[in-house]
Amino acid sequence: MSGGANPGLLESLSRLFVSLPHSLALGLSYLGCDAERRVTLRVDWREDLVGNPVTGVIHGGVITSLVDTSSATAVAAQLDRAEAIATLDLRIDYLKAAQPGRAIFCRAECYRLAHQVAFTRAVCFHDTPDDPIAHGVATFMRESSPMPMSGEEAVR
Amino acid sequence: MSEFMQAFSALRDARRYSDIINLLPYARFMGATLGEDAEGSLLFTLPYHPRHVGNTALPALHGGLIGGFLENAALIHLMWNRDSLETPKIVDFSLDYLRPGRPQTLFARCTITRQGKRVAHVLIEAWQDSPENPVAVARAHFLLATNQ
């Protein structure tokens with residue numbers, strides 16, 4: 001799967017976003033972009049990411065990072081040219097508990113790319129987006145910094 | 001009643017702050033700490049670590065990490081201030097980013113705005129240099145009785 005408004009840009013930004021130090025620490029991975037420019041990312045269950053040791057359920061904060069990173073990648077899928085973006089706000093609805101021991105996927109889309117702001121929605125699930133664990137909406141400021149998000153990769 | 005809340009309550013009553021963090025694997029993973037400020041309110045601290053970075057160009061803390069830290073703070077703050085032995089369950093979490101998190105220590109404190117029979121509303125503020133210049137503000141809703 002590839003795609004996006006500028007496939008080369010999406011490729012370099014998606015690679016950048018999952019290779020940021022905190023993304024690496026959580027083990028986020030990018031799986032691809034579909035024809036509707038929806039992107040999918042994944043985080044694997046890990047013992048050190050658990051929120052409640054008795055149930056083994058992953059902490060909501062991990063889902064927050066997954067939704068934030070997936071949503072930023074979804075914005076990247078709509079961009080023609082490289083620019084820095086920054087999350088302005090984020091809301092997560094926890095629809096049901098994640099199952100211990102299982103990977104969580106996040107499918108995100110940027111459904112409106114305005115001049116200054118990008119609007120996204122995302123859904124987290126184990127098996128299919130039709131059976132969601134969490135739903136996230138976010139907004140991003142565009143051109144949030146004159147500096148590209150990474151010295152080399154984001155410039156294209 | 002839950003095994004987890006029993007362990008938490010015992011540690012709280014003994015003011016064993018670092019053992020509370022050790023009870024929550026993700027809080028320990030982040031390196032969060034907690035203590036009490038001069039007024040006796042819980043103060044949450046996240047010392048800087050290179051793996052917290054989410055923008056290497058600025059550099060800035062990862063927005064998701066800030067969210068996770070604040071959500072975790074809200075949960076601990078609520079459990080700390082309750083006598084119930086039921087684990088609160090997060091319903092939703094809303095976060096506004098006000099300025100980039102610099103590569104330095106992040107602090108957070110919480111306020112329970114309302115605690116009803118079934119739902120609690122918690123406000124969270126995060127800052128670095130001064131509470132007057134917040135890095136992020138958030139609010140969370142928790143279900144208080146989940147075993148029915």
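Just so it is clear, none of the values below were taken in a lab; they were calculated from the coordinates. This is a predicted model, so every value here is computed, not measured. We place every Cβ from the backbone using ideal geometry, glycine too, and count neighbours over all the protein chains shown.
Residues in the stretch B:22-43 that are assigned to a helix (DSSP H, G or I), of a type in the set (A, V, I, L, M) and buried (at least 21 other Cβ atoms within 10 Å of the Cβ): B:A27, B:M30.
For the stretch A:51-81, filtering for residues that are crowded, with 21+ Cβ neighbours inside 10 Å, at the interface with chain B (Cβ under 9 Å from one of its Cβ atoms) and not polar (S, T, N, Q) leaves 11.
Residues are listed down the side, and each one gets a yes or a no for (1) buried (at least 16 other Cβ atoms within 10 Å of the Cβ); (2) of a type in the set (V, I, T); (3) more than 10 Å from every other protein chain (Cβ to nearest Cβ); (4) in a helix (DSSP H, G or I):
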| site | (1), (2), (3), (4) |
| --- | --- |
| B:T45 | no, yes, yes, no |
| B:R51 | yes, no, no, yes |
| B:G67 | yes, no, no, yes |
| B:L78 | yes, no, yes, yes |
| B:R82 | yes, no, yes, no |
| B:T87 | yes, yes, no, no |
| B:I90 | yes, yes, no, no |
| B:F93 | yes, no, no, no |
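Scanning the stretch B:56-65 for residues that are at the interface with chain A (Cβ under 7 Å from one of its Cβ atoms) and either of a type in the set (D, E, K, R) or buried (at least 23 other Cβ atoms within 10 Å of the Cβ) (or both) yields B:H62, B:G63, B:G64, B:L65. Only a single criterion out of (1) closer than 21 Å to B:M30 by Cβ; (2) away from chain B (no Cβ under 12 Å); (3) in contact (Cβ under 8 Å) with a residue 40 or more places away in the chain is not satisfied by A:A97, namely (2). Taking the stretch B:1-21 as the range and being of a type in the set (S, T, Y), without any contact (Cβ under 8 Å) to a residue 24 or more places away in the chain and more than 13 Å from B:W80 (Cβ to Cβ) as the test, only B:S18 passes.
For the stretch A:100-117, residues that are within 14 Å of chain B (Cβ to nearest Cβ) and closer than 21 Å to A:A35 by Cα total 2.
Table: residues versus (1) crowded, with 18+ Cβ neighbours inside 10 Å; (2) under 16 Å from the mean Cα position of the chain (by Cα); (3) more than 10 Å from A:V67 (Cα to Cα).
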| site | (1), (2), (3) |
| --- | --- |
| A:C106 | yes, yes, no |
| A:E109 | yes, yes, yes |
| A:Q116 | no, no, yes |
| A:V123 | yes, yes, no |
| A:P129 | no, yes, yes |
| A:F140 | yes, yes, yes |
| A:E143 | no, no, yes |
